[in-house]
Amino acid sequence: MTVLGTADDSTIAGAVKAAKAHNKGVVVDLISVADKASRAKEVRALGAKFVEMHAGLDEQAKPGYDLNVLLSAGEEARVPFSVAGGVNLTTIASVQRAGADVAVVGGGIYGAADPALAAKELRAAII
């Protein structure tokens, strides 16, 4: 189950409790969370299994957006994390170096001239 990181701690704790009752885990999506590294540590302490360092398309469209901000937050938090928001063939090596467990690729595939080729190239680039 996925819960937004902006949710109250009691909501996240409740989701974790419900997930455990069904032998499942909770992913906390940190979209719109300003201090992603700190919140990642907090939600892990609440029992979340995984966090997603995430920037939506609107944030990515802002001048100066840099995927490295998400990657740095993941490295700083030192928790299992995924990253979504600008992952593509030119950034996948940085994603791997940062230690992301999962890379979510959206526009890097669906925005490509040849989505199938883009997916194949990304797959080949993963070490």
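Descriptive notes on the structure:
- A single entry from ILE126, ILE92 fulfils the requirement of being farther than 30 Å from ASP8 by Cβ and at pLDDT 95 or above: ILE92.
- The helices (runs of 4 or more DSSP H) located wholly in the range 23-127 that include 2 or more residues which are touching a Ser or Thr at 6+ places or on another chain (Cβ under 8 Å) occupy 67-77.
- Scoring ARG44 on the criteria (1) of a type in the set (D, E, K, R); (2) closer than 19 Å to VAL3 by Cα; (3) surrounded by fewer than 14 Cβ atoms within 10 Å (Cβ to Cβ) leaves a single failure, condition (3).
- For the range 83-124, the set of residues classified as out of contact with any Gly (no Cβ under 8 Å at 6 or more places or on another chain), over 25 Å from PRO63 (Cα atoms) and aliphatic (A, V, I, L, M) consists of VAL102, ALA116, LEU117, ALA119, ALA124, listed by residue number.
- When residues of the range 1-22 are limited to those that are of a type outside the set (A, V, I, L, M), in a loop (DSSP other than H, G, I, E, B) and in contact (Cβ under 8 Å) with a residue 12 or more places away in the chain, the one nearest to ALA84 (Cα to Cα): GLY5
- The set of residues from the range 80-127 being of a type in the set (Asp, Glu) and more than 17 Å from ALA37 (Cβ to Cβ) comprises ASP114, GLU121.
- From the options VAL16, VAL95, residue that is aliphatic (A, V, I, L, M) and either under 14 Å from the mean Cα position of the chain (by Cα) or surrounded by fewer than 18 Cβ atoms within 10 Å (Cβ to Cβ) (or both): VAL95
- Criterion applied to GLU76, GLU59 was being more than 20 Å from GLN96 (Cα to Cα), surrounded by 13 or more Cβ atoms within 10 Å (Cβ to Cβ) and of a type outside the set (A, V, I, L, M), and the one residue passing it is GLU59.
The values are calculated or read from the model by the stated rules, or taken from the named source; none is laboratory data. It should be emphasised that the depicted structure is a prediction, and the values quoted were computed from it without experimental measurement. Cβ atoms come from the backbone with ideal geometry, glycine included; neighbour counts cover every protein chain shown.
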